[in-house]
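> If you scroll down you'll find the structure; I have some questions about it.
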Amino acid sequence: VTVLDDNYELYFDYTAESDIFSNGLKNFVSTLNSVKTKTNGGKGTTYIPMPSSEKTSGGISDIKGHRYETSIENLVEMKVIGGYPDGTFKPENPVNRAEALKIILQGLRSTQSKDEKDAFVMPKNFNKFLDMKSSDWFATYVAEGVDKKIINGYPDGTFKGGNTVNLAEALKMTLQAYEIDVWNGESNPWHKKYFDAANAMNLLPKGLDNAGKLLTRAELVYIVDEVINSK
(Lines give C-alpha, C1' and ligand atoms only; values in the text may rest on other atoms or scores of the structure.)
Protein backbone atom coordinates (compact mmCIF):
# COMPACT_ATOMS: atom_id res chain seq x y z
CA VAL A 1 0.00 0.00 0.00
CA THR A 2 1.39 3.38 -0.96
CA VAL A 3 -0.19 6.47 0.64
CA LEU A 4 0.48 9.73 -1.15
CA ASP A 5 -0.20 13.35 -0.31
CA ASP A 6 1.39 16.59 -1.43
CA ASN A 7 4.50 16.20 0.70
CA TYR A 8 4.91 12.56 1.66
CA GLU A 9 4.91 9.05 0.28
CA LEU A 10 4.45 6.30 2.86
CA TYR A 11 4.86 2.64 1.91
CA PHE A 12 3.38 -0.18 4.00
CA ASP A 13 4.05 -3.85 3.26
CA TYR A 14 1.51 -6.38 4.53
CA THR A 15 2.11 -10.13 4.26
CA ALA A 16 0.31 -13.05 5.88
CA GLU A 17 -0.38 -16.74 5.43
CA SER A 18 -3.13 -17.20 2.84
CA ASP A 19 -5.66 -18.68 5.30
CA ILE A 20 -5.59 -15.54 7.48
CA PHE A 21 -4.87 -12.95 4.79
CA SER A 22 -8.40 -11.58 4.40
CA ASN A 23 -9.10 -11.18 8.12
CA GLY A 24 -5.69 -9.66 8.70
CA LEU A 25 -6.12 -7.31 5.76
CA LYS A 26 -9.30 -5.87 7.29
CA ASN A 27 -7.43 -5.02 10.49
CA PHE A 28 -4.53 -3.61 8.49
CA VAL A 29 -6.83 -1.36 6.46
CA SER A 30 -8.65 -0.28 9.61
CA THR A 31 -5.33 0.77 11.15
CA LEU A 32 -4.34 2.75 8.06
CA ASN A 33 -7.71 4.46 7.96
CA SER A 34 -7.16 5.68 11.50
CA VAL A 35 -3.95 7.52 10.57
CA LYS A 36 -4.25 11.31 10.76
CA THR A 37 -1.96 13.55 8.76
CA LYS A 38 -1.19 17.23 9.03
CA THR A 39 0.06 18.98 5.91
CA ASN A 40 0.02 22.69 5.11
CA GLY A 41 -1.92 23.33 8.26
CA GLY A 42 -4.69 20.93 7.26
CA LYS A 43 -5.92 17.71 8.82
CA GLY A 44 -7.54 14.69 7.27
CA THR A 45 -7.97 10.95 7.24
CA THR A 46 -6.38 8.91 4.49
CA TYR A 47 -8.76 6.41 2.89
CA ILE A 48 -7.27 3.08 1.81
CA PRO A 49 -9.41 1.05 -0.62
CA MET A 50 -9.59 -2.72 -0.25
CA PRO A 51 -11.20 -5.53 -2.28
CA SER A 52 -14.97 -5.20 -2.05
CA SER A 53 -17.99 -7.37 -2.74
CA GLU A 54 -18.87 -5.30 -5.81
CA LYS A 55 -19.08 -7.48 -8.90
CA THR A 56 -16.67 -6.88 -11.76
CA SER A 57 -17.63 -6.95 -15.43
CA GLY A 58 -16.89 -10.68 -15.41
CA GLY A 59 -19.43 -11.27 -12.66
CA ILE A 60 -16.87 -12.01 -9.93
CA SER A 61 -17.74 -10.49 -6.57
CA ASP A 62 -14.52 -10.53 -4.54
CA ILE A 63 -11.72 -9.12 -6.72
CA LYS A 64 -12.65 -5.44 -7.04
CA GLY A 65 -9.55 -3.51 -6.00
CA HIS A 66 -7.38 -6.62 -5.85
CA ARG A 67 -3.78 -6.24 -6.97
CA TYR A 68 -4.36 -8.75 -9.79
CA GLU A 69 -7.92 -7.76 -10.66
CA THR A 70 -7.06 -7.00 -14.30
CA SER A 71 -5.38 -10.37 -14.87
CA ILE A 72 -8.27 -12.24 -13.27
CA GLU A 73 -10.76 -10.31 -15.40
CA ASN A 74 -8.72 -11.01 -18.54
CA LEU A 75 -8.72 -14.77 -18.00
CA VAL A 76 -12.41 -14.81 -17.01
CA GLU A 77 -13.25 -13.00 -20.25
CA MET A 78 -11.17 -15.54 -22.19
CA LYS A 79 -13.04 -18.34 -20.40
CA VAL A 80 -9.75 -19.69 -19.05
CA ILE A 81 -11.05 -19.49 -15.48
CA GLY A 82 -14.37 -18.98 -13.75
CA GLY A 83 -15.67 -18.22 -10.31
CA TYR A 84 -17.18 -20.48 -7.69
CA PRO A 85 -20.95 -21.15 -7.60
CA ASP A 86 -21.38 -18.36 -5.03
CA GLY A 87 -19.94 -15.80 -7.49
CA THR A 88 -16.54 -15.47 -5.79
CA PHE A 89 -13.08 -16.20 -7.14
CA LYS A 90 -11.28 -16.50 -3.79
CA PRO A 91 -8.07 -14.94 -5.14
CA GLU A 92 -6.06 -15.55 -1.96
CA ASN A 93 -6.85 -19.25 -1.75
CA PRO A 94 -3.86 -21.53 -2.39
CA VAL A 95 -3.81 -23.23 -5.79
CA ASN A 96 -2.97 -26.92 -5.92
CA ARG A 97 -1.08 -28.81 -8.62
CA ALA A 98 -4.21 -30.09 -10.38
CA GLU A 99 -5.85 -26.65 -10.45
CA ALA A 100 -2.61 -25.02 -11.60
CA LEU A 101 -2.26 -27.45 -14.49
CA LYS A 102 -5.85 -26.75 -15.56
CA ILE A 103 -5.35 -22.96 -15.51
CA ILE A 104 -2.05 -23.21 -17.40
CA LEU A 105 -3.43 -25.54 -20.09
CA GLN A 106 -6.74 -23.70 -20.45
CA GLY A 107 -4.74 -20.52 -20.96
CA LEU A 108 -2.62 -22.26 -23.59
CA ARG A 109 -5.71 -23.53 -25.43
CA SER A 110 -7.09 -19.99 -25.58
CA THR A 111 -4.10 -19.01 -27.73
CA GLN A 112 -4.24 -22.02 -30.07
CA SER A 113 -5.94 -22.68 -33.38
CA LYS A 114 -8.66 -25.36 -33.58
CA ASP A 115 -6.20 -27.85 -35.10
CA GLU A 116 -3.74 -27.28 -32.28
CA LYS A 117 -6.48 -27.74 -29.69
CA ASP A 118 -7.63 -30.97 -31.30
CA ALA A 119 -4.11 -32.38 -31.55
CA PHE A 120 -4.18 -33.94 -28.09
CA VAL A 121 -6.14 -37.18 -27.66
CA MET A 122 -6.83 -38.48 -24.16
CA PRO A 123 -5.35 -41.99 -23.80
CA LYS A 124 -7.84 -44.68 -22.84
CA ASN A 125 -7.71 -45.73 -19.18
CA PHE A 126 -4.99 -43.21 -18.40
CA ASN A 127 -3.22 -44.41 -15.24
CA LYS A 128 0.18 -42.77 -15.34
CA PHE A 129 0.20 -42.07 -11.59
CA LEU A 130 -0.61 -44.29 -8.64
CA ASP A 131 -2.73 -41.71 -6.81
CA MET A 132 -5.23 -40.84 -9.54
CA LYS A 133 -7.83 -42.47 -11.79
CA SER A 134 -8.79 -41.73 -15.39
CA SER A 135 -12.19 -40.61 -14.04
CA ASP A 136 -10.72 -37.81 -11.89
CA TRP A 137 -11.81 -34.34 -13.05
CA PHE A 138 -8.22 -33.33 -13.66
CA ALA A 139 -7.10 -36.52 -15.44
CA THR A 140 -7.38 -35.00 -18.93
CA TYR A 141 -5.15 -32.08 -17.91
CA VAL A 142 -2.62 -34.41 -16.28
CA ALA A 143 -2.53 -36.63 -19.38
CA GLU A 144 -2.01 -33.60 -21.61
CA GLY A 145 0.64 -32.29 -19.20
CA VAL A 146 2.51 -35.60 -19.48
CA ASP A 147 2.10 -35.59 -23.28
CA LYS A 148 3.59 -32.08 -23.49
CA LYS A 149 6.32 -33.02 -20.99
CA ILE A 150 5.11 -30.31 -18.61
CA ILE A 151 4.94 -32.64 -15.62
CA ASN A 152 6.73 -35.81 -14.55
CA GLY A 153 5.28 -36.63 -11.16
CA TYR A 154 7.22 -37.67 -8.08
CA PRO A 155 9.82 -40.47 -7.78
CA ASP A 156 7.30 -42.64 -5.89
CA GLY A 157 5.01 -42.69 -8.93
CA THR A 158 2.43 -40.22 -7.63
CA PHE A 159 1.17 -36.89 -8.96
CA LYS A 160 -0.04 -35.37 -5.65
CA GLY A 161 -2.64 -33.20 -7.36
CA GLY A 162 -3.91 -31.83 -4.04
CA ASN A 163 -0.54 -30.38 -3.01
CA THR A 164 -0.26 -26.60 -3.17
CA VAL A 165 2.00 -25.60 -6.05
CA ASN A 166 4.98 -23.38 -5.31
CA LEU A 167 6.38 -20.61 -7.49
CA ALA A 168 9.27 -22.66 -8.91
CA GLU A 169 6.98 -25.53 -9.93
CA ALA A 170 4.42 -23.17 -11.45
CA LEU A 171 7.07 -21.32 -13.45
CA LYS A 172 8.48 -24.56 -14.84
CA MET A 173 5.04 -25.84 -15.87
CA THR A 174 4.00 -22.53 -17.41
CA LEU A 175 7.19 -21.84 -19.37
CA GLN A 176 7.33 -25.40 -20.71
CA ALA A 177 3.64 -25.38 -21.64
CA TYR A 178 4.01 -22.18 -23.67
CA GLU A 179 7.35 -23.30 -25.10
CA ILE A 180 9.20 -20.28 -23.76
CA ASP A 181 12.94 -20.41 -24.43
CA VAL A 182 14.76 -21.64 -21.32
CA TRP A 183 18.42 -22.58 -21.15
CA ASN A 184 18.59 -26.33 -21.83
CA GLY A 185 21.48 -27.02 -19.47
CA GLU A 186 21.42 -27.75 -15.74
CA SER A 187 21.25 -24.84 -13.30
CA ASN A 188 21.98 -24.68 -9.60
CA PRO A 189 19.49 -24.64 -8.00
CA TRP A 190 17.38 -26.49 -10.59
CA HIS A 191 14.83 -23.68 -10.84
CA LYS A 192 17.31 -20.85 -11.49
CA LYS A 193 17.02 -21.14 -15.28
CA TYR A 194 13.23 -20.76 -15.07
CA PHE A 195 13.55 -17.65 -12.93
CA ASP A 196 16.15 -16.25 -15.34
CA ALA A 197 13.73 -16.71 -18.24
CA ALA A 198 10.80 -15.28 -16.28
CA ASN A 199 12.77 -12.24 -15.17
CA ALA A 200 13.98 -11.60 -18.72
CA MET A 201 10.32 -11.43 -19.75
CA ASN A 202 9.24 -9.40 -16.70
CA LEU A 203 6.70 -12.08 -15.82
CA LEU A 204 7.00 -11.73 -12.06
CA PRO A 205 5.61 -8.78 -10.11
CA LYS A 206 7.68 -7.08 -7.44
CA GLY A 207 7.86 -9.20 -4.31
CA LEU A 208 7.10 -12.54 -5.98
CA ASP A 209 10.55 -14.08 -6.12
CA ASN A 210 10.74 -16.83 -3.47
CA ALA A 211 10.99 -20.18 -5.27
CA GLY A 212 9.33 -22.05 -2.41
CA LYS A 213 6.48 -19.57 -2.02
CA LEU A 214 3.12 -21.39 -2.13
CA LEU A 215 1.05 -19.68 -4.80
CA THR A 216 -2.41 -18.23 -4.53
CA ARG A 217 -4.98 -18.48 -7.30
CA ALA A 218 -4.50 -14.81 -8.15
CA GLU A 219 -0.71 -15.04 -8.36
CA LEU A 220 -0.82 -17.95 -10.80
CA VAL A 221 -3.45 -16.18 -12.91
CA TYR A 222 -1.19 -13.12 -13.07
CA ILE A 223 1.75 -15.20 -14.34
CA VAL A 224 -0.36 -17.00 -16.96
CA ASP A 225 -1.92 -13.74 -18.11
CA GLU A 226 1.53 -12.16 -18.50
CA VAL A 227 2.75 -15.13 -20.57
CA ILE A 228 -0.33 -14.95 -22.82
CA ASN A 229 0.19 -11.21 -23.31
CA SER A 230 3.82 -11.80 -24.26
CA LYS A 231 2.96 -14.21 -27.07
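The values are calculated or read from the model by the stated rules, or taken from the named source; none is laboratory data. Quick caveat: nothing in here was measured; it's all calculated off a predicted structure. Positions of Cβ are backbone-derived with ideal geometry, glycine not excepted, and every protein chain shown enters the neighbour counts. Note: areas computed on protein heavy atoms with side chains; ligands, DNA, RNA excluded. Shrake-Rupley method; radii C 1.70, N 1.55, O 1.52, S 1.80 Å.
> Taking 25 Å as the cut-off for C-alpha to C-alpha distance, list the pairs among 26/172; 90/231; 117/149; 117/206; 26/64 that go past it. Write down the numbers at each step before the final one.
On the way: 26/172 34 Å; 90/231 27 Å; 117/149 16 Å; 117/206 34 Å; 26/64 15 Å.
Violating the 25 Å limit, Cα to Cα: 26/172; 90/231; 117/206.
> Of 194, 154, which has the most accessible area with a 1.4 Å probe, and how do the rest follow in descending order?
Numbers: 194 20, 154 70 Å².
Result, largest first: 154, 194.
> What distance in nm separates the simple spin-label points at residue 109 and residue 67, each placed 7 Å from Cα in the Cβ direction?
3.0
> Work through the residues other than residue 176 whose Cβ is under 9 Å from its Cβ and net out their charges, Lys, Arg +1 and Asp, Glu -1. Please list the in-between numbers first.
Working: positive: 148, 149, 172; negative: 179.
Within the 9 Å Cβ shell, the charges total +2.
> Taking 0.36 nm per residue of sequence separation and subtracting the Cα-Cα distance, how much length would be gained by fully extending the chain between residue 187 and residue 84, in nm to one decimal?
Working it through step by step, the gained length comes to 33.2 nm.
> On the full set of protein chains, 1.4 Å probe, figure out the accessible area of residue 62 and give it in Å² to the nearest 10.
Spelled out: residue 62, probe radius 1.4 Å, area about 40 Å².
> So, in nm, how far is label residue 211 from label residue 196 when the simple model puts each one 7 Å beyond its Cα toward the Cβ?
1.3
> Let me ask something additional. Between residue 163 and residue 25, what's the calculated FRET efficiency when r is the beta-carbon distance and R0 is 25 Å? Round to 0.05. Before the final figure, lay out each step's value.
Working: r = 26 Å, r/R0 = 1.02.
With a Förster radius of 25 Å, E is 0.45.
> Here is a further query. Give me the number: length gained by fully extending residue 156 to residue 136, i.e. 0.36 nm times residue separation minus the C-alpha to C-alpha distance, one decimal in nm.
Taking residue 156 through residue 136 to full extension adds about 5.2 nm, to one decimal.
> Here is a further query. About its Cα centre, what dipole magnitude does the range 108-231 give when the only charges are +1 on Lys and Arg Cβ and -1 on Asp and Glu Cβ, stated in debye to the nearest 20?
Numbers: 16 positive and 17 negative charges, 35 e Å.
So the dipole magnitude of the range 108-231 works out to roughly 180 debye.
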